[in-house]
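To keep things clear, I will list the structure first and then write my remarks on it.
Quick note: the coordinates plus some simple rules give every number you see, no bench work behind them. Model, not experiment: these values are computed from the prediction. Every residue, glycine among them, receives a Cβ derived from its backbone with ideal geometry; neighbour counts consider all protein chains shown.
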Amino acid sequence: MRLRVGLHEVRAAPARDSARGGAATLTPMYGLINKAVEGLVRSKFGDATWDRIRARAGLPDEPFIGMEQYPDKTTYDLVGAASAELGAPAAAILEEFGVYWVKYTAEAGYGELMKTAGRTLPEFLRNLDQLHTRVKLSFPHLAPPSFAVSDETASSLVLRYYSDRPGLAPLVVGLLRGLGDRFNADVSARFERVEGERPHDRFLVEWSARA
């Protein structure tokens, strides 16, 4: 099913430590994420809209630094403020950000690194964890999610997404759409939450080559 994440869920849902069942202590996100959020808003809605979203999120009028770490709350507050300002569900904001993130990172100096992850969509998805390991050479405190691929066919696979950060499955849907653009394919993804010993989101990913 396609999850619709409410604004309060995106901003306040607690991360869980799947191994211990308690609250997880998260490594702060790098500013590159927030810079990309800003880039998405400015490119689609203009500078004035970004200024209103930034102010609504309670953030100062100063640039984000890509290599500096910021509390997760900064990013969640930006998503919440964008949802309120644009009148769109938080899930829709996250999905559009996922699409944008694929293009943004390729243009921000990581295009060659992304090429090493694979020449097809399924190959790229299989190598996501390895790609994040290489990214950690530049971002040593990075705490990325983990992905696992199974049940591959010629036009579909199952992708499992493991993360202590709550409510980000719609962002992964956007990432998959963005990767579809990268590999010239139309991609659809449905997901469900799987609880248990290691909670995660399970995606059924299907694609077809574009003419």
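Things worth noting here:
- Peptides ranked, highest mean first, by Cβ atoms within 10 Å: ranges 167-177, 55-65, 31-41: 167-177, 31-41, 55-65
- In this simple spin-label approximation, SER146 and ALA211 carry label points 7 Å from Cα along the Cα→Cβ vector, and these lie 4.4 nm apart.
- Taken about its Cα centre, the range 27-209 carries a charge dipole of about 200 debye when Lys and Arg each add +1 at the Cβ and Asp and Glu each add -1 at the Cβ.
- Computed from backbone phi with θ = phi - 60° and the Karplus coefficients 6.51, -1.76 and 1.60, the 3J(HN,Hα) list for the range 150-156 is 8, 6, 6, 10, 5, 9, 7 Hz; x is used for glycine and proline.
- Counting only alpha carbon atoms, the long axis of helix 72-86 and the longest principal axis of the chain meet at about 80°.
- Helix-only [θ]222 nm of the chain, DSSP H runs n ≥ 4, -39500 (n - 2.57) each, per residue, nearest 500: -13500 deg cm²/dmol
- Of the peptides 200-207, 75-82, the order by per-residue mean of other Cβ atoms within 10 Å, starting with the highest, comes out as 75-82, 200-207.
- Seen against the Cα atoms of the chain and their longest principal axis, helix 31-45 is set at about 80 degrees.
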